[in-house]
Amino acid sequence: MKEEVISDLRRELIERADEKTRESGQRFFKEEAKFHGVKAAAVREIAKRRYRDVKDLNKKELFSLCEELLKSDYGEEAAIAFEWAYSLRKRYEPADFAVFEGWLSQYVNNWAKCDTLCNHALGTFLEMYPEYVAKLKGWTGSENRWLRRAAAVTLILPARKGLFLEDVFEISDLLLQDGDDLVQKGYGWLLKEASKSHQQEVFEYVLKKKAVMPRTALRYAIEKMPEDLRRQAMER
C-alpha cells in the first residue's frame with residue numbers, strides 16, 4: 001500500500017509540474033533546493049485530497065509514509081508530509097517529539113521546510129505538551145542552523161496567541177548574537193508575533209538588547225509596532 005500511495009502521489013505531482021514554477025521556486029533559496037514545479041496552492045489541495053486515502057492508517061504507518069516523502073528531498077513532497085503530520089494533531093503523544101526532531105535533523109535543509117514543520121505540527125505539539133519547550137532551548141546551541149532557527153519559529157503560532165512569553169525572551173537571548181541571518185530572522189519574527197499580544201514587553205526587551213541585537217533581527221522584531229516605537233528602537 002505504501003509504495004502505491006507514494007507512486008500515485010508522485011505521478012500526480014510530476015503531471016502538474018511546470019518548469020516556470022520550478023525555476024521561480026529556486027530563487028527564494030540561497031542553497032540548492034529541489035522542486036517538481038507545482039504551485040503551493042495545488043500542493044495543499046493535493047495534500048488534503050490524498051490524505052483521505054491514508055487517514056485510516058495508524059499513526060506509525062502514516063509517519064512512515066511522511067518519512068518516505070521526506071527522503072526524496074523535493075519541496076512539494078516535504079510540504080505534503082508536514083501537512084499530513086499536522087492532520088494527525090489530535091493523535092499526538094509525547095513520544096512524537098522525537099519523530100519531529102529526527103525529521104528536522106535529517107531532512108530539513110532550507111527555511112521553507114523548517115518553517116512548515118515548525119509552525120504547524122511542532123507548534124501545535126508544544127501547545128499540547130508545553131514541557132517540551134525546554135528541548136527547544138537545547139537546539140539553540142546546535143551546529144545545525146535549521147535546529148537553531150526551529151528553536152524560535154516553533155513558537156511563532158503559540159506566541160501569536162500570547163503564549164510562552166518568558167520562553168520567547170529566553171530563546172531570543174540564547175540566539176541573540178547568532179551570526180546566521182536566517183536564525184536572526186527566525187527569532188526576530190518570533191518577537192514580532194509575540195508583540196501582537198505583548199507589545200510593551202517586547203518593546204522593552206528590544207530596547208534593553210538593541211546595542212547587541214543584529215539589525216536584521218531588530219527590524220523584524222519591531223515591524224508591527226507603531227512608528228514612534230519603531231523609531232525609538234532604531235535609534236543608536
Margin query: Rounded to whole Å, give me the distance from the Cα center of the range 104-141 to that of the range 1-49.
Written below: 23 Å
Next item on the list: Give, in nm to one decimal, the length gained when the segment between Lys208 and Lys137 is fully stretched (0.36 nm per residue of separation minus the Cα-Cα distance).
Entry: 23.5 nm
Note to self: Could you tell me the extents of the range 109-172's C-alpha atoms along the three principal axes, largest first, rounded to whole Å?
What the structure shows: 28, 21, 17
Item checked: Rg/Rh for the range 175-236, where both radii come from Cα atoms and Rh is the Kirkwood radius -> 0.92
Next item on the list: Can you give me the three principal axis dimensions of the range 87-236 from its C-alpha atoms, in Å, biggest first?
Entry: 46, 29, 23
Notebook entry, point to check: Once you put a point 7 Å from the Cα of Gln200 and another 7 Å from the Cα of Asp8, both along the Cβ direction, what distance in nm separates them?
Noted result: 5.7 nm
Check: How about Lys30: which lysines have a C-alpha closer than 16 Å to its C-alpha, ignoring those fewer than 8 places off in the same chain?
Finding: Lys113, Lys185
Check: Between the range 203-236 and the range 166-183, how many Å separate their Cα centres?
Finding: 14 Å
Checklist line | Options Tyr205, Ala33, Ala159, ranked by Cα towards positive dipole end of the chain, top entry (Cβ charges) | finding: Tyr205
Item checked: the range 1-46: trypsin sites (Lys or Arg not before Pro) falling in loop per DSSP and having at most 16 other Cβ within 10 Å -> Arg27, Lys30, Lys39
Item checked: Potential extension, Gln177-Phe29 segment - 0.36 nm per residue separation minus Cα distance -> 51.0 nm
Item checked: Residue-count net charge about Ala150 - beta-carbon cut-off 12 Å; Lys, Arg +1, Asp, Glu -1 -> +4
Checklist line | Å³ per residue enclosed by the Cα convex hull of the range 1-55 | finding: 90 Å³
Notebook entry, point to check: Can you pull the three principal axis extents for the Cα set of the range 5-95, in Å, largest first?
Noted result: 39, 26, 20
Check: If you keep only loop residues by DSSP, which GluC sites (Glu not before Pro) in the range 17-53 have at most 15 other Cβ atoms within 10 Å of their Cβ?
Finding: Glu31, Glu32
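Bear in mind these aren't lab numbers, they're just calculated from the coordinates by the rules spelled out. Computed from a prediction, not measured in an experiment: that's the story for all the values here. Quick reminder, even Gly has a Cβ in these numbers, built from the backbone with ideal geometry, and neighbours come from all protein chains shown.
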